[in-house]
Structures are given as structure tokens and as C-alpha cells.
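Data block below; observations after.
The values are calculated or read from the model by the stated rules, or taken from the named source; none is laboratory data. Everything numeric here is computed off the predicted structure, so don't read it as measured data. Please note: Cβ atoms are built from the backbone with ideal geometry, for glycine as well, and neighbour counts cover all protein chains shown.
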């Protein structure tokens, strides 16, 4: 059974998604209890509490939150096991089907790496091979995508920035700076992801989840104009030891 803290986190996530994603409440559709039970049977262990919440809300349809090329539906998870794309009772639980014809990298939970009522998300070809670590939790993957697709891309000015630090513990420095700039964190995140919102700007940060975090990361920043974004970056650079390098302006500026 989920703990009270896990229930609270699910409610925070639900309220966040309903606020950010237009029309989600009318279009999302949850799995049946039979489908959830079948997936848990395939996993060979209890499902992460957040994944149970996800299936109960969006296991049949993610509505406007759906990914163009990836199917996270319960039906696809079950059929992928039936088609031998996934192995029952493996430490990697198949959760998302990538329809790319050239090099499909499906989504899996690493159930041996639980985190905050959730688990590590990785991508891999169905026949094995190199793992491509994504997010420490499925919750962070979905929240990052929601803010990117429904807030950042709709901002008049955007940029991608490389942030370098002298150590791996980036967010202990970054969080106070963003708080001082009036940003809030819509959901709790871990040591590999930072999500920050303000009415006129949004910043998304993520690192590849590894045992030894890298001392650098790419972040995406969107706002009403280039002056707003420059002001935010200037404050980060002057109030911390970080070094910033803009990689791309979108639309381009001189």
C-alpha cells in the first residue's frame, strides 16, 4: 500500500499536470484493475506506487500528454510481453514501446533502482545492448516533458545552456538562487533533475542518473524575451560558482 507521503506526491503531480496540460482532465483514461494486476504479475514484484498511479490515470490514454512515437499504455506493455519484446520477472520492466523503425529504444523501469516511490527509467533495444539512462524517476520524465511541451516551447524566447560546476552536487547551489529569483518547484525532484517555474519564465534541468553525477548539465530556459533570460542567467552566474555557456537561442538572436 502507498504511504501517506506517496499519496501526497501523487496528488501534487496530478494537480500539476492538470494545471499545465490543457484538456488533460477530459482526455486521459486509466487502465482497468485487471490490466494493472496483469502488469504487476509480469513484473514479479509490487509495482512502484507512482507507476500504479500513472496506470490508474493514464494507462489507456495520456490524452494531450501522449508522446508522438512512444506508447506507454498498459495494453502495449502487456502485448509487448506477449510478443517477446520483454522478459517477465526481469529487473527491467517494459513500460513504453518506441515505434521508431530504424532503431527503437523502448522504455523500461529498473526495479532494482527504486527512488521516492518510483524507479529509474532507462531506454534499451528489445534484444539488449547499451542502456541509455533517462531519469531517476518516471515522475520526473513526465513532468519534464509536460513543462517542455506545454510551457517552454510556447515562450516567445528560448535557449539551451551548458552549466558547469566544480562538483557534482549542482542543485544544492542552484535551488537557493532560483528561489531568490521568484521561481517555484512544481513537484519534488531528486539530485538529477530540477524544474523551476515563474509566471514569465520556466527552466528545466536534468542530468543523466549515474552513481557519480557529472559536474555539468544542459538546461532549457524559456521566457517572454531575451532580456528576461539574460537576467536569469546573469543572476545564476553571479550568485553561484557555476559557469554558463549558451549553446542555442531559439529563435536566433544576434
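Numbers at a glance
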| quantity | calculated |
| --- | --- |
| Subset of region 135-190 [more than 26 Å from residue 225 (Cβ to Cβ), part of a helix (DSSP H, G or I), out of contact with any strand residue (DSSP E or B) (no Cβ under 6 Å at 6 or more places or on another chain) and without any contact (Cβ under 8 Å) to a residue 60 or more places away in the chain] | 172 |
| Residue 203 being free of Cβ contacts under 8 Å to residues at least 40 places away in the same chain and touching a strand residue (DSSP E or B) at 6+ places or on another chain (Cβ under 9 Å) | yes |
| When residues of region 219-240 are limited to those that are crowded, with 20+ Cβ neighbours inside 10 Å and outside any helix (DSSP H, G or I), the one modelled with the lowest pLDDT | 219 |
| Residue among 143, 119, 201 that alone is assigned by TED's automatic domain parsing to the domain that holds residue 43 and crowded, with 21+ Cβ neighbours inside 10 Å | 119 |
| Failed item in (1) under 17 Å from the mean Cα position of the chain (by Cα); (2) closer than 20 Å to residue 11 by Cα, with residue 109 passing the rest | (2) |
| Whichever residue in region 242-254 is out of contact with any helix residue (DSSP H, G or I) (no Cβ under 7 Å at 6 or more places or on another chain) and within 25 Å of residue 172 (Cβ to Cβ) and, among such residues, is surrounded by the fewest Cβ atoms within 10 Å (Cβ to Cβ) | 247 |
| Only one of 20, 77 that is surrounded by 18 or more Cβ atoms within 10 Å (Cβ to Cβ) and within 23 Å of residue 186 (Cβ to Cβ) | 20 |
| Of residues in region 192-218 being over 17 Å from residue 165 (Cα atoms) and not in a strand (DSSP E or B), the one modelled with the lowest pLDDT | 211 |
| Within region 32-68, tally of residues that are at positive phi and modelled with pLDDT of 95 or more | 1 |
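Rundown of residues vs (1) surrounded by fewer than 14 Cβ atoms within 10 Å (Cβ to Cβ); (2) out of contact with any helix residue (DSSP H, G or I) (no Cβ under 7 Å at 6 or more places or on another chain); (3) under 24 Å from residue 241 (Cβ atoms); (4) assigned by TED's automatic domain parsing to the domain that holds residue 223, yes/no style:
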{"position": "177", "(1), (2), (3), (4)": "no, no, yes, yes"}
{"position": "180", "(1), (2), (3), (4)": "yes, yes, yes, yes"}
{"position": "183", "(1), (2), (3), (4)": "no, yes, yes, yes"}
{"position": "188", "(1), (2), (3), (4)": "no, no, no, yes"}
